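Please read the structure below before turning to the comments.
Since every read-out is calculated from the coordinates, none of them should be taken as a lab result. Please read these numbers as outputs of a predicted model, since none were measured by experiment. Using ideal geometry, Cβ is built from the backbone for each residue, glycine included, and neighbour counts are taken over all protein chains shown.
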Ligand code: AGP
């Protein structure tokens with residue numbers, strides 16, 4: 001959820017309000033920021049690559065004229081490098097329009113070709129500029145701003161939260177949503193827009209939450225909402241009475257739900273500034289990861305517990321698949337006592353959210369004693385694990401309060417993906433072009449992840465949870481890189497709903513667990529488009545043939561066609577599919593536990609960090 005802000009004032013100066021709104025969003029990862037201001041009969045656009053304070057410094061050094069209307073944006077690049085000319089806002093037509101956008105325009109190449117054939121000249125490599133040109137050229141030809149936006153959005157395929165201003169429509173902002181959130185509030189000086197309600201609470205607690213395919217027209221007097229077909233729709237404001245604790249939860253009923261929703265930003269922050277698209281490589285912001293320092297590594301030994309171990313399983317697929325380096329993996333509590341044998345040149349990779357898990361710390365210490373290089377993927381910079389590591393990769397999930405780990409897991413998977421690329425490039429197994437492709441795939445993942453938080457997605461998973469809340473038990477099945485996601489889905493459900501659930505390799509089911517299958521059992525099958533999709537479809541048929549109820553989760557539409565119920569997931573690179581596939585499983589566990597009246601953030605018998613044996 002990159003940042004979008006806007007304001008239409010009766011009087012005053014909008015620039016400080018826009019920057020203040022962007023600051024509220026600044027805990028999210030982004031690589032550029034900008035504002036567009038209506039100054040008399042022209043638009044002034046100021047935008048800079050880099051963090052928000054780079055733009056802020058620019059505005060202080062050369063202050064723009066005062067303005068009562070403007071929009072602002074922080075960007076997480078999906079198309080085009082993080083450089084000034086790719087930053088938002090983007091101008092359109094003859095400069096009469098400025099646009100900010102968050103999301104992905106999937107058909108932007110077709111639209112761009114059409115516009116270039118009609119004489120449009122593009123300044124950037126972004127998909128957003130296509131929207132700016134469509135709207136700007138329509139306004140240049142005399143169209144009203146709202147009509148120009150409606151016409152453009154009717155041709156767009158993909159997801160968006162966007163806002164547009166025009167020098168020809170003074171006093172108006174037109175905004176629209178399909179996927180990433182947008183909210184509007186009427187305050188003391190005018191009307192305000194933001195992609196995160198937290199940026200509106202200082203103006204008002206009565207907030208209009210736009211729905212998918214809403215288009216809003218803001219003026220200083222208020223907001224009018226229409227649908228894409230132009231029909232007016234009522235969107236009464238909802239009162240947001242969050243107290244300080246609730247604001248800590250971002251207005252969500254539980255920390256776990258807030259943390260699930262934070263995952264697109266966590267992915268960006270963990271990957272942000274470490275992606276070097278130019279060199280097709282990864283630049284870790286901590287010592288110990290150079291080609292020279294990695295040259296002697298011949299094998300990796302993963303040690304971790306619980307959810308972190310599931311991330312370790314996926315790290316094994318990534319490191320072996322991308323860096324062609326052999327990986328062993330062990331429950332830390334088992335590794336400690338099995339009298340392990342390590343070969344020279346072993347990297348002991350400990351994965352831990354807290355960095356204080358006793359079993360993981362002791363396993364890492366034992367590996368170091370046996371001559372391994374102790375490194376870690378960890379969420380707490382000041383933890384024992386990081387202090388005792390020769391090198392570390394910090395996950396940037398922020399504090400994870402919910403006992404059931406969610407955003408830290410997605411951050412661990414992101415870090416493992418980056419590590420596999422770094423190892424592959426250091427060993428000469430991955431070339432620049434392949435590195436660039438893998439990193440570009442990671443950049444595209446964020447909007448795909450965001451699209452899974454649209455209202456319709458969330459409602460669908462909640463309904464599914466209601467239908468399966470009384471199942472006798474759950475079986476989670478997955479293959480290949482998604483087998484560990486089956487383990488993680490089962491663990492999430494177990495630890496917060498107290499229902500029995502087992503994760504299994506899909507191919508292993510016929511060797512015993514299939515005896516569990518009956519109509520009272522629910523089997524969740526994770527299947528993504530990829531090498532093993534047809535094999536997993538056969539596993540679905542085997543469960544169905546024994547009367548089992550199947551929920552298919554993933555990007556494989558053929559699996560959805562044969563399952564009783566399904567949760568579709570966007571199609572991504574197979575290497576990154578676990579990051580998308582785990583979200584519906586986290587939400588399924590959350591809603592089942594909530595419906596069963598369980599204590600979501602503090603489940604019985606559990607502790608956030610198991611610092612004892
Ligand atoms: C995850 O949902 C569990 N709360 C638990 O398995 C946890 O992952 C495990 O205790 C490891 O914790 P760590 O990541 O802090 O080392």
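Tabulated values for the structure
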{"item": "Ordering of 285-298, 190-203, 429-442 by burial proxy (mean other Cβ atoms within 10 Å per residue, highest first)", "result": "190-203, 429-442, 285-298"}
{"item": "Where labels lie 7 Å past Cα in the beta-carbon direction, separation of residue 107 and residue 144 in nm", "result": "2.5 nm"}
{"item": "Residue-span extension gain [residue 276 to residue 546] - 0.36 nm each, minus C-alpha spacing", "result": "92.2 nm"}
{"item": "Rounded FRET efficiency, nearest 0.05, which uses the C-beta distance separating residue 157 from residue 320 and R0 of 51 Å", "result": "0.90"}
{"item": "Sequence of 88, 261, 500 once ranked by neighbouring C-beta atoms within 10 Å, starting from the fewest", "result": "500, 261, 88"}
{"item": "Mean projected area in nm² (Cα convex hull; one quarter of hull surface) for the chain", "result": "27.6 nm²"}
{"item": "Ordering of 156-169, 125-138, 58-71 by packing [mean C-beta count within 10 Å, highest first]", "result": "125-138, 156-169, 58-71"}
{"item": "For a label point 7 Å along the Cα-to-beta-carbon line of residue 500, residues of the range 435-474 with backbone N under 16 Å", "result": "470-474"}
{"item": "For 580, 228, 283, order by how many other beta-carbon atoms lie within 10 Å, fewest first", "result": "283, 228, 580"}
{"item": "Rounded tilt (10° steps) of 358-369 against the dominant C-alpha axis of the chain", "result": "70 degrees"}
{"item": "222 nm mean residue ellipticity, helices alone, for the chain (DSSP H n ≥ 4; -39,500 (n - 2.57); rounded to 500)", "result": "-11000 deg cm²/dmol"}
{"item": "Per-residue Cβ neighbour rank within 10 angstrom, fewest leading, 392, 456", "result": "456, 392"}
{"item": "Fully extended contour minus Cα-Cα distance, from residue 388 to residue 531, at 0.36 nm per residue", "result": "47.6 nm"}
{"item": "Paramagnetic label zone (point 7 Å from Cα along Cα-to-C-beta, residue 472; backbone N under 14 Å) in the range 496-510", "result": "500-501"}
{"item": "Label-to-label distance, nm, for residues given as residue 561 and residue 116 (7 Å Cα→Cβ offset)", "result": "3.6 nm"}
{"item": "Cα gyration tensor category, rounded, prolate or oblate, for the range 441-487 with a/c compared to 1.5", "result": "oblate"}
{"item": "Share of pairwise Cα separations in the range 348-390, more than 14 Å, in percent", "result": "32 percent"}
{"item": "Percent of beta bridges antiparallel (DSSP, the chain, rounded to nearest 5)", "result": "65 percent"}
{"item": "For peptides 357-370, 213-226, sequence by mean Cβ density within 10 Å, most packed first", "result": "357-370, 213-226"}
{"item": "Cα→Cβ-extended label distance, 7 Å offset, between residue 286 and residue 84, nm", "result": "3.5 nm"}
{"item": "Estimated FRET transfer efficiency (residue 610, residue 54; beta-carbon r; R0 35 Å; 0.05)", "result": "0.25"}
{"item": "Per principal axis, descending, Cα span of the range 22-156 in whole Å", "result": "39, 33, 23"}
